Amino acid sequence: MCGRFTLVAEIPELQKELELGDVIGEWGPRYNIAPSQKVPVVVDRNLRTIEFYQWGLIPFWEKDPSIGNRLINARMETLKEKPAFRQAFKNRHCLILADGFYEWQHTGSKRTPSIPYYFRLKTGNPFAFAGLWESWNNTDGTSVKTCAIITCPPNDLVSRVHERMPVILNSESYWDWLGQKIGSGLEKLLVPYESSKMIAYQVGKMINNPKYDSKDCIEPLKW
């Protein structure tokens with residue numbers, strides 16, 4: 001799964017690098033983005049506006065919004081079958097903006113905590129996860145926009161740490177993901193990113209605390 005990620009790039013850099021439009025809301029560097037927090041997304045391939053949705057998808061038909069805490073990721077293999085994701089996969093795709101993500105390597109011992117690793121592109125450039133989004137209506141009439149990150153089997157690099165990884169789209173597939181429908185080759189976009197274009201290193205356990213958000217989260221662990 002993908003349970004934490006980063007986006008430390010400034011908005012102008014994002015707009016230039018990913019050819020994005022205006023920003024609706026405010027954003028600053030984030031080193032430890034956690035579920036239930038607001039994350040930057042793009043849902044319209046023409047306007048390419050950056051908006052902010054809650055991470056943790058709440059299906060439009062769900063009565064209990066707390067389900068979003070469990071639906072932060074969507075497995076690409078079961079998108080067509082899972083009721084929580086089926087309609088969003090048909091109609092509501094998004095880009096979730098990032099420049100790195102964390103995965104934890106299990107130690108095989110209950111006494112030894114899992115080891116966190118940070119993954120990013122070798123270039124250091126920002127990128128986009130493939131995501132799904134929903135609009136959920138509360139009983140008071142307000143609506144909440146939520147999203148989930150799609151995951152796939154890991155590439156060679158991530159497989160050394162974890163059995164899943166988020167789907168990272170390349171620059172050629174961003175707008176295809178937002179514009180295509182099921183049956184038009186869409187599933188071919190949901191593949192592991194090339195491991196030769198990524199790097200990974202161990203980081204400190206401070207990222208286990210979702211309230212901790214500082215630059216040292218992404219610093220390589222010093223021995």
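General observations
- Among the criteria (1) in contact with a Lys or Arg (Cβ under 8 Å, 6 or more places away or on another chain); (2) of a type in the set (A, V, I, L, M, F, W, C); (3) under 12 Å from Y118 (Cβ atoms), the one W175 does not fulfil is (3).
- For region 163-170, the count of residues that are in a loop (DSSP other than H, G, I, E, B) and more than 18 Å from the chain's Cα centre (by Cα) is zero.
- Pair list, Cβ < 8 Å and 6+ apart or interchain, from region 31-45 residues that are more than 17 Å from L132 (Cβ to Cβ) to residues that are part of a loop (DSSP other than H, G, I, E, B) and aromatic (F, W, Y): N32/Y212
- Considering (1) under 26 Å from G28 (Cβ atoms); (2) not in a loop (DSSP other than H, G, I, E, B), the lone condition that K188 does not fulfil carries the number (1).
- Residues in region 195-223 that are in contact with a Pro (Cβ under 6 Å, 6 or more places away or on another chain) and in a strand (DSSP E or B) were compared, and the one that is surrounded by the fewest Cβ atoms within 10 Å (Cβ to Cβ) is Y201.
- Checked against (1) over 18 Å from T151 (Cβ atoms); (2) surrounded by fewer than 20 Cβ atoms within 10 Å (Cβ to Cβ), E81 meets all criteria but (1).
- Failed item, numbered, when W133 is tested on (1) in a loop (DSSP other than H, G, I, E, B); (2) of a type in the set (A, V, I, L, M, F, W, C); (3) in contact with a Ser or Thr (Cβ under 9 Å, 6 or more places away or on another chain): (1)
- Being in contact with a Lys or Arg (Cβ under 9 Å, 6 or more places away or on another chain), surrounded by fewer than 13 Cβ atoms within 10 Å (Cβ to Cβ) and within 24 Å of P126 (Cβ to Cβ) is not true of G56.
- Of all the listed residues (K122, K188), the sole one being in contact with a strand residue (DSSP E or B) (Cβ under 8 Å, 6 or more places away or on another chain) and of a type in the set (K, R) is K122.
- Scanning region 129-138 for residues that are closer than 16 Å to P40 by Cα and surrounded by fewer than 20 Cβ atoms within 10 Å (Cβ to Cβ) gives a single hit, S135.
- Candidates are the residues of region 16-33 that are hydrophobic (A, V, I, L, M, F, W, C) and in contact with a helix residue (DSSP H, G or I) (Cβ under 9 Å, 6 or more places away or on another chain); the one that is modelled with the lowest pLDDT is W27.
- Filter result (part of a loop (DSSP other than H, G, I, E, B) and buried (at least 20 other Cβ atoms within 10 Å of the Cβ)) within region 106-128: P126
- Qualifying residues in region 46-56 (those that are touching a residue at least 12 places away in the same chain (Cβ under 8 Å) and over 12 Å from the mean Cα position of the chain (by Cα)) - the one farthest from D99 (Cα to Cα): L47
- Candidate set from region 137-159 (those that are of a type outside the set (V, I, T) and modelled with pLDDT under 95); member that is nearest to Y118 (Cα to Cα): S143
- Residues of region 119-167 classified as free of Cβ contacts under 8 Å to residues at least 24 places away in the same chain and within 12 Å of M1 (Cβ to Cβ), total: 1
The values are calculated or read from the model by the stated rules, or taken from the named source; none is laboratory data. All values derive from a computational prediction rather than experimental measurement. Note: ideal-geometry Cβ built from the backbone for every residue, glycine included; neighbour counts use all protein chains shown.
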